[in-house]
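A.B. asks: Please read through the structure below; I'll follow up with questions.
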Amino acid sequence: MDTALTLTTDMKLVLGLVGFTMVMFLFERIRADVVALCVLVMLGLSGLVAPDELFNGFSGQAVISVIATMILGAGLDRTGALNRLAAWLLRRAHGIEQRLMLLTGAIAGINSSFMQNPAVMALYLPVASRLSSRTGLSLPRLLLPIAAAIIMGSALTMVGNSPLILLNDLLVAANSNLPSGAATLEPLKMFAPLPIGLTLLAAALAYFHFFGHKLERDEVGKGVTPARTQSYFAKAYGIEGDVYELTVTAESPLVGMSLGEAETLHGVPLLLALKSNSEERLAPPADTRIWVGSVLGAMGPKQQVADFAQNNFLRLSSRLRNFGDLFNPSRAGISEAVIPPTSGFIGKTGRELELRKQRGISLLAINRDKTVLRDDVRNQPLRAGDMLVLHSIWTDLAKAAAGKDLVVVTDYPKGEQRPHKFKIAMGIFAVAMLLALSSRLPVSLALMTGVAGMLIAGVIHIDEAYSAINWKTVFMMACLIPLGWAMDSSGAAAWVAGHSIEQLPDGTPVWIMQLLLGLLTTAFSLVISHVGATIVVVPLAINIALAAGGNPTAFALIVALSASNNFMTASNPVISMITGPAGYSAKELWKIGAPLSLVYTAIAVLMVNLLF
């Protein structure tokens, strides 16, 4: 390769856009998907990508495959497959902690080979909750091993995570800019990385079995328990006591007050329900008025509730004559939910969101960075990673969780489950995988065949399919793909590759270059996400391989694998989802995740060289 390439204006523009993207992603002043859109627009206005090609990323095989895997995963979840899985894991583990952790990690890793990592983690949070409550194992001891297995297991197939899905599109796009005489780059088969994924998954399981568990906090009995068990919430949040009915008398100062005003009174218990005009309602809106004869459903220690009733001329009854059905544990209860990084709740308060009025959910407390917020909780702006303590009817909670603004980590009875479709769903999924394996059809078409089958069979409804798609991820990927094309077509990747090779000593082994690329990609993924790192570094890796006489496909595969190699920060969506529930600190994540990340890089480079 010619290392004397002149740095052209187009190259400067592309490298400037890459730098802009990294800075914007690092400081998070603007949402990542908005940044991606701005980059796409600038690529078009500058002429770096032709207008008739600018939006081709939205119809790319990678984007369609990502959408299909999200819908297939949601379809399998609707059949109750994971409830069966949790029961099976408990039976097979026979109460032995190490066996339970190995089995759970192995199955989660295998699941991640055909579903997007955040979707798998969202499905396994309730599974981990159930396992924690039944075995006494704390969530910190369960969640990080499961998350690591999910991340590593996603390398089992070419549809396990977004970087690998993107890789084939980037390889095909690179062919148009290869130097004369270079061999055409072929897309990788569906199970091409299988040996690598198996080795990585085995390494994750071995790491936590022999070493990682020694670094984790041992908090026996601090796991999340099912909502029917109140001891956990009493211990963790001070939410304790039974539910009582308080009838408002004519002498009560609460007459004419709104529920929100009543909640500001001194010594008030949790007001979870209200009966007014013969209508009972759980999580009544804050502006609902209290009148003579209204009945309040209050939760708290008996003495606190009795004092509040006496001070405000309320008749206390421990027998639930009005709210018996509403507070039945099979219908309603307390739960915990995490705010994911993609949530629309971020930056808003519970009052602004009108959780009770719009969603039928009462916000009781917020667990933020190991600090429990109980006072004036409805006026606290929400942040990514916050653990919310909620009280609601289960069907209302399920509707809220379906919107992707919350990830519920407490096991609760969910509506709209279709266990009778389990065999049909598994059959359709198996057919889709066989079609993808046959290589006669594009992977995206094979996966969409499975989606169509599930929709026709009624495993999942079309509106549920739409809600299963994380549109932020899809949009960001589609907008950034042209940046990778511009890196290649402008010659910026070749220029950077040539000058990088010049800086290395003569005779530097190829595997050293691959190792450095893997570490560089990992560092990029901490800043610009795994998708951004893949799009930026793959063209660079291909050009470095050509300059060094290496295998471009092998170099590109190492980059795609390394883009997911992040166990230390919340820029990895999987790690972000477990930080709140488990209460991991940044120091703990680096202490446990950094060595595992180095192991990941070493295995990826070794296995790729053995296979290619």
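A.B. asks: Please go through segment 358-376 and pick out each residue that is farther than 23 Å from residue 585 by Cα and either of a type in the set (A, V, I, L, M, F, W, C) or modelled with pLDDT of 85 or more (or both). So that I can check it myself, show each step before the final result.
C.D. replies: First, pick out the residues of segment 358-376 that are farther than 23 Å from residue 585 by Cα: 358-364, 375-376.
Residues satisfying the conditions are 358, 359, 360, 361, 362, 363, 364.
A.B. asks: Considering only residues of segment 119-141 that are in a helix (DSSP H, G or I) and of a type in the set (Gly, Ala, Ser), which is modelled with the lowest pLDDT? Lay out the reasoning, then the answer.
C.D. replies: Of all residues in segment 119-141, those in a helix (DSSP H, G or I) come to 119-135, 139-141.
Then drop every residue that is not of a type in the set (Gly, Ala, Ser), which leaves 119, 122, 128-129, 132-133.
Values: 119: 73, 122: 73, 128: 76, 129: 69, 132: 71, 133: 60.
Looking at residues that are in a helix (DSSP H, G or I) and of a type in the set (Gly, Ala, Ser), I get 133.
A.B. asks: Checking the structure you have, find out if any residue of segment 381-393 is part of a helix (DSSP H, G or I) and either closer than 27 Å to residue 337 by Cα or assigned by TED's automatic domain parsing to the domain that holds residue 274 (or both). Don't jump to the end; show me each part of the working.
C.D. replies: In the first step, residues of segment 381-393 are kept if they are part of a helix (DSSP H, G or I); the result is none.
Scanning segment 381-393, I find no residue that is part of a helix (DSSP H, G or I) and either closer than 27 Å to residue 337 by Cα or assigned by TED's automatic domain parsing to the domain that holds residue 274 (or both), so the answer is no.
A.B. asks: State all residues of segment 258-272 that are surrounded by fewer than 20 Cβ atoms within 10 Å (Cβ to Cβ) and assigned to a loop (DSSP other than H, G, I, E, B); if no residue qualifies, say none.
C.D. replies: Within segment 258-272, the first condition is being surrounded by fewer than 20 Cβ atoms within 10 Å (Cβ to Cβ), and the residues that meet it are 258, 260-261, 263-268.
263, 264, 265, 266, 267, 268, listed by residue number.
A.B. asks: Taking segment 20-79 as the region of interest, how many residues are touching a Pro at 6+ places or on another chain (Cβ under 9 Å) and among the aromatic types (Phe, Trp, Tyr)?
C.D. replies: Total satisfying the criteria: 1.
A.B. asks: For segment 336-360, give me each residue that is surrounded by fewer than 23 Cβ atoms within 10 Å (Cβ to Cβ), outside any loop (DSSP other than H, G, I, E, B) and charged (D, E, K, R).
C.D. replies: Hits for segment 336-360 are 351, 352, 357, 359.
A.B. asks: Might you let me know whether segment 293-313 holds any residue that is modelled with pLDDT of 90 or more and among the acidic types (Asp, Glu)?
C.D. replies: Yes, the conditions are met somewhere in segment 293-313.
A.B. asks: Can we say residue 409 is buried (at least 17 other Cβ atoms within 10 Å of the Cβ), under 23 Å from the mean Cα position of the chain (by Cα) and closer than 18 Å to residue 340 by Cβ? Steps first, please.
C.D. replies: Values: buried (at least 17 other Cβ atoms within 10 Å of the Cβ): yes; under 23 Å from the mean Cα position of the chain (by Cα): yes; closer than 18 Å to residue 340 by Cβ: yes.
Here the answer is yes, as residue 409 does meet what is asked.
A.B. asks: Looking at segment 555-591, which of its residues are among the aromatic types (Phe, Trp, Tyr), in a helix (DSSP H, G or I) and crowded, with 23+ Cβ neighbours inside 10 Å? Walk me through how you get there before you give the answer.
C.D. replies: Pass one, segment 555-591, residues among the aromatic types (Phe, Trp, Tyr): 555, 567, 584, 590.
Subsequent filtering for residues that are in a helix (DSSP H, G or I) retains 555, 590.
Scanning segment 555-591 gives a single hit, 555.
A.B. asks: What do you reckon, is residue 374 over 20 Å from residue 120 (Cα atoms) and charged (D, E, K, R)? Can you show your working first?
C.D. replies: On the way: over 20 Å from residue 120 (Cα atoms): yes; charged (D, E, K, R): yes.
Criteria met by residue 374.
A.B. asks: Which condition number does residue 246 fail, the rest of (1) surrounded by 15 or more Cβ atoms within 10 Å (Cβ to Cβ); (2) at pLDDT below 90 being met?
C.D. replies: Going through (1) surrounded by 15 or more Cβ atoms within 10 Å (Cβ to Cβ); (2) at pLDDT below 90 one by one, residue 246 breaks only (2).
A.B. asks: Do the conditions hold for residue 484, that is, is it buried (at least 24 other Cβ atoms within 10 Å of the Cβ) and assigned to a helix (DSSP H, G or I)? Reasoning before the result, please.
C.D. replies: Values: buried (at least 24 other Cβ atoms within 10 Å of the Cβ): yes; assigned to a helix (DSSP H, G or I): yes.
So residue 484 fits the description; yes.
A.B. asks: Sticking with this one: Name the one entry in 80, 57, 73 that is within 27 Å of residue 140 (Cβ to Cβ) and at pLDDT below 85. Can you show your working first?
C.D. replies: Working: 80 fails: within 27 Å of residue 140 (Cβ to Cβ); 57 fails: within 27 Å of residue 140 (Cβ to Cβ).
Sole residue among the options that is within 27 Å of residue 140 (Cβ to Cβ) and at pLDDT below 85: 73.
A.B. asks: Out of curiosity, is residue 402 more than 26 Å from residue 263 (Cβ to Cβ), among the hydrophobic types (A, V, I, L, M, F, W, C), within 22 Å of the chain's Cα centre (by Cα) and surrounded by 14 or more Cβ atoms within 10 Å (Cβ to Cβ)?
C.D. replies: Values: more than 26 Å from residue 263 (Cβ to Cβ): yes; among the hydrophobic types (A, V, I, L, M, F, W, C): yes; within 22 Å of the chain's Cα centre (by Cα): yes; surrounded by 14 or more Cβ atoms within 10 Å (Cβ to Cβ): yes.
Yes; evaluated as a whole, the condition is true for this residue.
A.B. asks: Quick one: in segment 142-172, which of the residues that are in a helix (DSSP H, G or I) and of a type outside the set (A, V, I, L, M) is nearest to residue 484 (Cα to Cα)?
C.D. replies: Per the criteria, the residue is 169.
The values are calculated or read from the model by the stated rules, or taken from the named source; none is laboratory data. Everything quoted here is computed from the prediction, not taken from an experiment. Backbone-built Cβ (ideal geometry, glycine too); neighbour counts: all protein chains shown.
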